[in-house]
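The values are calculated or read from the model by the stated rules, or taken from the named source; none is laboratory data. Not measured: the values here are computed from a predicted model. All Cβ positions, even for glycine, are placed from backbone atoms using ideal geometry, and neighbour counts span all protein chains on display. Protein only, heavy atoms only, side chains kept; ligands, DNA and RNA dropped before computing areas. Shrake-Rupley method; radii C 1.70, N 1.55, O 1.52, S 1.80 Å.
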Amino acid sequence: MWRKLGNLNKIAETGIVLIIRSDSEQEALAVAEAAIEGGIKVLEITMSVPNALEVIRTLAKKYNHGDIVIGAGTILDGETARNAILAGAELLVSPQLHPDMITMANRYQAITISGAFTPKEVVESLEAGADIVKLFPAEAVGPQYVKAIKAPLSQAPIAPTGGVTPQNVHEWLQAGCVAVGVGSYITKAAQKDGDYGKVTAAAKEFLQAVSLAKQA
């Protein structure tokens, strides 16, 4: 329980959940390592990554005694949720509400980020026991939509995914988001030339933007 609370604090403090989608196990590991070097503390390895559970297992084992949270994304059922937890995932993320995922995660005290888009879906995710509600796809609506939702649902911890950049992250945080889901801006930084130092640099840039936004 206390580890879960600590992990939730890491999400709130750093403000970023890094979403890693890649075409190979090796690339996913390289991106994860480079992003962690840049200061990222919370990572989501999507189940679309080849051998995703092995990637999670490798990272979870390496950072088991550190302050890094390794999670699994695109969880669509309870069986996958359990397999991810057994591999070492302490965070489970779904694109929409899957009560079985939340039940499994709560049983083992893993964090859940449950996808939602409408106010009704946000409420249903909260009622199901999700720790954070993932607004997806966020680029379709923008920060004003978060403000509109949080007017009657101020208690909803919302994290948008899609379209968040260092240039606009302050708008999302000012709208009341607890954190943001970030993907290609960081994870694809090395795609053209294989220079993973660019992933590290992009992670630092994004974290600095979040820090400045919180100070403001």
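Tell me, please, whether a residue that is on the phi > 0 side of the Ramachandran plot, open to solvent by 10 Å² or more (accessible area, probe 1.4 Å) and modelled with pLDDT of 95 or more can be found in segment 180-194.
Restricting attention to segment 180-194, the residues satisfying the condition of being on the phi > 0 side of the Ramachandran plot are 194.
In the following step, the residues that additionally are open to solvent by 10 Å² or more (accessible area, probe 1.4 Å) were identified as 194.
This time we only want the ones that are modelled with pLDDT of 95 or more, so: none.
The answer is no, given that none of the residues of segment 180-194 is on the phi > 0 side of the Ramachandran plot, open to solvent by 10 Å² or more (accessible area, probe 1.4 Å) and modelled with pLDDT of 95 or more.
Considering only residues that are closer than 22 Å to Gly162 by Cβ, open to solvent by 60 Å² or more (accessible area, probe 1.4 Å) and assigned to a helix (DSSP H, G or I), which ones fall in segment 82-129?
If the condition is that a residue be closer than 22 Å to Gly162 by Cβ, open to solvent by 60 Å² or more (accessible area, probe 1.4 Å) and assigned to a helix (DSSP H, G or I), then Pro119, Lys120, Glu121, Glu124 are the ones that fit.
Could you give me the residue pairs with C-beta distances under 7 Å whose first residue belongs to segment 61-77 and is closer than 22 Å to Ile102 by Cα and without any contact (Cβ under 8 Å) to a residue 40 or more places away in the chain, whose second residue is in a loop (DSSP other than H, G, I, E, B) and open to solvent by less than 10 Å² (accessible area, probe 1.4 Å) wherever it lies, and which are 6+ apart or on separate chains?
Ile70/Ala89; Ala72/Ala89
Checking Asn7 against (1) open to solvent by 40 Å² or more (accessible area, probe 1.4 Å); (2) assigned to a helix (DSSP H, G or I), which test does it fail?
(1)
For every residue, the table says whether it meets (1) modelled with pLDDT under 95; (2) surrounded by fewer than 17 Cβ atoms within 10 Å (Cβ to Cβ).
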position: Val146; (1), (2): no, no
position: Ser154; (1), (2): no, yes
position: Pro160; (1), (2): no, no
position: Ala216; (1), (2): yes, yes
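Cβ-Cβ below 7 Å, separation at least six or inter-chain, first residue in segment 35-58 and farther than 19 Å from Gln191 by Cβ, second of a type in the set (D, E, K, R): which pairs?
Pairs that qualify, where the first residue is farther than 19 Å from Gln191 by Cβ and the partner is of a type in the set (D, E, K, R), are Gly39/Lys204; Lys41/Lys10; Lys41/Asp67; Val42/Lys10; Asn51/Glu25; Glu54/Glu25.
Is there a residue being among the basic types (Lys, Arg) and assigned to a loop (DSSP other than H, G, I, E, B) anywhere in segment 135-153? Give the derivation first.
Looking only at segment 135-153, we keep the residues that are among the basic types (Lys, Arg), and these are 147, 150.
Next cut, assigned to a loop (DSSP other than H, G, I, E, B) only: none.
Taking every residue of segment 135-153 in turn, none turns out to be among the basic types (Lys, Arg) and assigned to a loop (DSSP other than H, G, I, E, B).
Name the single residue, out of those in segment 16-28 being closer than 13 Å to Ala190 by Cα and part of a helix (DSSP H, G or I), that is farthest from the chain's Cα centre (by Cα).
Among those residues, the one meeting the criterion is Glu27.
I want to confirm something. Restricting to segment 29-41 and keeping residues that are assigned to a helix (DSSP H, G or I) and of a type outside the set (A, V, I, L, M), which single residue is most open to solvent (accessible area, probe 1.4 Å)?
This residue is Glu37.
Mind checking which residues of segment 58-81 are part of a helix (DSSP H, G or I) and buried (at least 18 other Cβ atoms within 10 Å of the Cβ)?
Quick first cut of segment 58-81, residues part of a helix (DSSP H, G or I) only: 58-62, 78-81.
Residues satisfying the conditions are Thr58, Leu59, Ala60, Thr80, Ala81.
Scan Glu44, Glu13 and give me the residue that is crowded, with 23+ Cβ neighbours inside 10 Å, within 15 Å of the chain's Cα centre (by Cα) and acidic (Asp, Glu).
The conditions single out Glu44.
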